[in-house]
Structure formats: structure tokens, C-alpha cells
Amino acid sequence: MFSAFEWMVAMRYLRSRRQEGFISVIAWFSLVGIALGVATLIIVMAVMNGFREELLTRILGLNGHLSIYGAVGRLADFDDLGEKVRGIPGVVTVTPLVEGQVMATAHGIARGAVVRGVRRDDLAARSMVADNIRAGSLAGFEGDDAVVVGSRLAGKLGLAVGDRITLISPKGNVTAFGTVPRMRAYRVSATFNIGMFEYDSTFVFMPLAAAQSYFKVPDAVTHLEVFIDDPDRAPALAVSIGSTLGDGVRTHDWQQANSSFFNAIQVERNVMFLILTLIILVAAFNIISSLIMLVKDKGRDIAILRTMGATRGMIMRIFLLSGASVGIIGTFAGFLLGLAFTENIETIRQGIQGLTGSDLFAAEIYFLSQLPAVVDPTEVTAVVLMGLGLSFLATVYPSWRAARIDPAEALRYE
């Protein structure tokens with residue numbers, strides 16, 4: 001498609017001489033701009049993907065894909081209901097839970113917490129918790145005097161394994177003197193850290209029987225938590241569960257519970273993509289301006305080439321090569337820079353934090369304790385193709401203008 005002569009002239013025009021230094025500077029700025037634009041897009045998209053995936057993994061690792069509630073707030077005969085649900089194709093596990101909000105206190109410090117009553121075998125099967133035990137073990141998670149506490153909550157309350165934590169329920173005991181808050185002390189048998197601030201700082205797990213006694217729901221649970229083989233099928237399976245169990249229950253899937261949160265992430269991701277695309281667009285305009293100046297500066301050379309037999313197509317291809325080379329080199333430089341950055345993003349974050357002494361990714365704000373990055377090959381391909389496409393489009397008008405130069409007119413004014 002391109003002859004050796006066209007390649008030679010195009011590459012020579014890229015190596016500007018001293019009097020053409022300003023044009024060369026603009027070309028370099030264009031190359032750097034495209035590289036930074038492509039790299040930034042790849043990095044931001046990878047971080048947004050990683051953020052969504054990490055949150056989804058942790059939320060669905062600790063919470064079920066579906067929750068089944070009783071019509072009046074509690075479920076009796078929950079084991080029988082659980083067996084019926086397990087028989088539905090696609091259901092993996094069904095876990096009975098007792099859940100309630102409490103005030104947790106220790107050493108004179110108080111924090112709000114969420115208590116979840118669960119059987120020890122069910123908690124041990126929950127890998128998100130069982131694989132992230134930081135102190136103690138689940139062996140002592142039994143009886144009516146043991147709890148497992150999130151590591152951040154334990155840290156705030158100054159708790160260690162073996163210490164006692166006092167839980168105060170707002171739903172108190174009714175006495176002759178009025179309602180008295182329900183209060184009970186429990187021994188910390190283990191602490192966990194799943195890497196999500198909200199859960200590590202608020203969750204307390206308690207044996208199911210102890211939770212039933214504490215929250216005054218004997219022989220009942222607040223809901224059943226269901227895990228399925230494909231989280232995306234949760235709405236469809238919710239309909240099947242509802243028809244199997246009848247009108248006495250209501251279902252709530254993870255998409256309903258977190259829809260606003262994940263929709264916000266998707267909107268932010270799309271907006272960031274559009275905004276950062278402007279960086280590449282600005283760099284493409286720099287290519288246009290540098291090529292137009294190059295065409296104006298090389299008017300005499302173009303006229304001489306035309307008089308020596310070069311066709312308008314050859315002249316157009318020469319300048320297409322000159323401009324596109326800047327875009328191609330910049331795009332692939334940005335591609336390599338973006339991938340290298342995403343592969344080492346957590347190390348880079350730690351290094352910057354060490355140099356500046358500031359927390360760049362506070363877990364209290366971003367929910368996660370580490371900066372995630374997941375590269376989507378489809379998105380990276382789209383970014384690279386967009387960079388190449390804009391670069392080629394930026395060369396069309398200056399190249400066409402160069403091909404339209406009249407040799408006689410150009411030489412007359414030289």
C-alpha cells in the first residue's frame with residue numbers, strides 16, 4: 001500500500017531540522033498527549049472494573065444472592081422451608097439467620113453493630129469469613145457465650161480474643177418500671193477481616209441458638225439466606241421460590257438490595273470514559289495543527305516532488321504516514337504504560353503514600369482496603385482502536401490539503 005519512497009520521505013519529515021523545531025515540539029506533545037490519554041483511560045477503566053468486581057465479590061460472599069423473609073417479620077419451621085428451597089434447581093445453599101442491630105460496648109467505648117446468628121457449620125462453609133480469620137478460630141464458636149467480631153470493630157473497641165463484648169439491644173425487656181434495654185456480655189472467640197470496611201467494622205456473628213435467645217425469637221429466624229449457582233439468575237429464581245413456598249413469604253434479591261449502588265458505579269464509569277476520551281481528542285487536534293504547519297512549511301518540497309513525478313496520492317500518503325506514525329506510537333506507548341501501571345497499581349499507591357504521608361485510598365470512604373484493578377481485554381481493545389482511529393482521522397484533512405497544492409503556485413511564491 002505504501003512504497004519505500006513514501007516511507008522514506010514521511011520519516012524524514014518527522015525528523016525536523018533546526019528551523020522546523022517548533023513543528024517537532026508540537027508533534028512530540030501530540031504523541032505524549034495520546035499516550036497519556038490512552039494510558040489514563042485503560043487505568044481508570046481497570047480501576048472501575050476492579051472496584052465493581054471486588055465489591056460484588058465481597059457483598060455476595062458475605063450476603064446471600066437471595067433473602068427469604070416471613071410475611072410477619074419472622075420465619076417459623078425454617079428448616080422445612082430450607083429443604084424445599086434446596087430442591088429448586090440452581091440453589092446451592094440455604095442458611096437460616098437471625099439478624100438484629102445492637103450497640104456494642106467494651107472498655108467504655110460504644111459502637112453500632114449488626115449481629116448475625118448463624119450455625120457454626122454454616123459459618124465455616126462461608127469462605128469469605130472462614131478463610132479470613134485473623135485471630136482465634138471457629139472451633140470455639142458454639143454455646144451461648146461466644147461471638148466472632150470484625151477486626152476493625154475489635155480494634156475500635158480494644159478487643160482481643162478471649163475478651164468480653166457487651167451487646168445492648170434497643171428492643172428491651174418490659175418490666176414494671178418500663179422497658180429496660182436488653183444487655184448481655186459475650187466472649188470474643190475469633191476476629192475476621194474480609195477487606196471491606198463496612199463489614200469489618202460492624203458485623204458480629206453469634207451462634208444461631210444464642211441469637212434466638214438474645215433477640216427473643218425462639219424456634220424462628222428473621223430470614224433465610226440463599227446462594228445460587230448464577231447470581232445473574234437471582235430475579236428468576238426468586239419467582240420460582242415464591243411460587244414454591246406460597247404467599248406466606250417474600251423474597252428480596254441482591255440486585256434489588258444494591259441496585260442504586262451498582263448503577264451509580266456504572267454511570268460514573270461511563271462519564272469518566274467520556275471525559276477522559278477528550279484527552280485523546282485534544283492530542284488528535286494537536287496532530288492536525290502540527291501537520292498543517294508542516295504542510296505549509298514543506299510547500300516548496302511538495303511542489304518539487306510533484307514536478308519530479310510524484311502523484312497527489314503519493315503526497316497524501318506521505319503526510320498520512322507522518323501524522324499516523326505519531327498517533328500509532330503514542331497509542332501503543334499508552335497501551336504499554338496503562339497495562340504496566342494497572343499491574344503495579346497497589347505498589348505505586350503504597351509508594352506515593354510513603355512519600356507524601358497521606359492516605360490515598362481510605363477504607364472508610366472507598367469500602368475496600370486495597371486499590372483494585374481488573375483489565376478487561378475488550379475495553380482495552382476499544383481504547384486502542386479509538387486512539388488509532390482518532391489519529392488516522394486527524395491526518396486526513398492536512399494530507400488532503402498537501403495533495404491539493406499546485407506546484408506552479410507554490411514555486412512562484414518561494
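See the values below:
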| read-out | value |
| --- | --- |
| Check on Ala110, more than 30 Å from Thr342 (Cα to Cα), surrounded by fewer than 17 Cβ atoms within 10 Å (Cβ to Cβ) and out of contact with any Leu (no Cβ under 9 Å at 6 or more places or on another chain) | no |
| Among (1) closer than 20 Å to Ile405 by Cβ; (2) modelled with pLDDT of 75 or more, the one test that Arg306 misses | (2) |
| Given (1) within 20 Å of Arg58 (Cα to Cα); (2) out of contact with any Asp or Glu (no Cβ under 9 Å at 6 or more places or on another chain); (3) in contact (Cβ under 8 Å) with a residue 24 or more places away in the chain; (4) part of a helix (DSSP H, G or I), index of the condition Ser260 fails | (3) |
| Hey, Asp229 of a type outside the set (Val, Ile, Thr), surrounded by fewer than 16 Cβ atoms within 10 Å (Cβ to Cβ), at positive phi and in contact (Cβ under 8 Å) with a residue 60 or more places away in the chain or not | no |
| Hey, Asp163 acidic (Asp, Glu), closer than 10 Å to Ala106 by Cβ and touching a residue at least 40 places away in the same chain (Cβ under 8 Å) or not | yes |
| Selected residue (only one of Thr57, Thr105 is farther than 26 Å from Ala185 by Cα and of a type in the set (Val, Ile, Thr)) | Thr57 |
| Listing of helices (runs of 4 or more DSSP H) fully contained in region 310-412 that carry 1 or more residues being surrounded by fewer than 18 Cβ atoms within 10 Å (Cβ to Cβ), at pLDDT below 80 and of a type in the set (Gly, Ala, Ser) | 312-343, 345-356, 363-366, 407-412 |
| Residue match in region 93-107 (condition: of a type in the set (A, V, I, L, M, F, W, C), over 21 Å from Arg182 (Cβ atoms) and buried (at least 16 other Cβ atoms within 10 Å of the Cβ)) | yes |
| Test: residue in region 157-170 that is charged (D, E, K, R), at pLDDT 85 or above, in contact with a Leu (Cβ under 8 Å, 6 or more places away or on another chain) and not in a strand (DSSP E or B) | no |
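The rows are residues; the columns are (1) of a type in the set (Lys, Arg); (2) crowded, with 18+ Cβ neighbours inside 10 Å.
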site: Val114; (1), (2): no, no
site: Gly117; (1), (2): no, yes
site: Ala130; (1), (2): no, no
site: Gly143; (1), (2): no, no
site: Lys156; (1), (2): yes, no
site: Asp163; (1), (2): no, no
site: Pro170; (1), (2): no, no
site: Val188; (1), (2): no, yes
site: Gln212; (1), (2): no, yes
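The values are calculated or read from the model by the stated rules, or taken from the named source; none is laboratory data. Predicted, not measured: the structure shown is a model, and the values here were computed from it. Don't worry about glycine lacking a Cβ; one is built from the backbone with ideal geometry, like all the others, and counts go over all protein chains shown.
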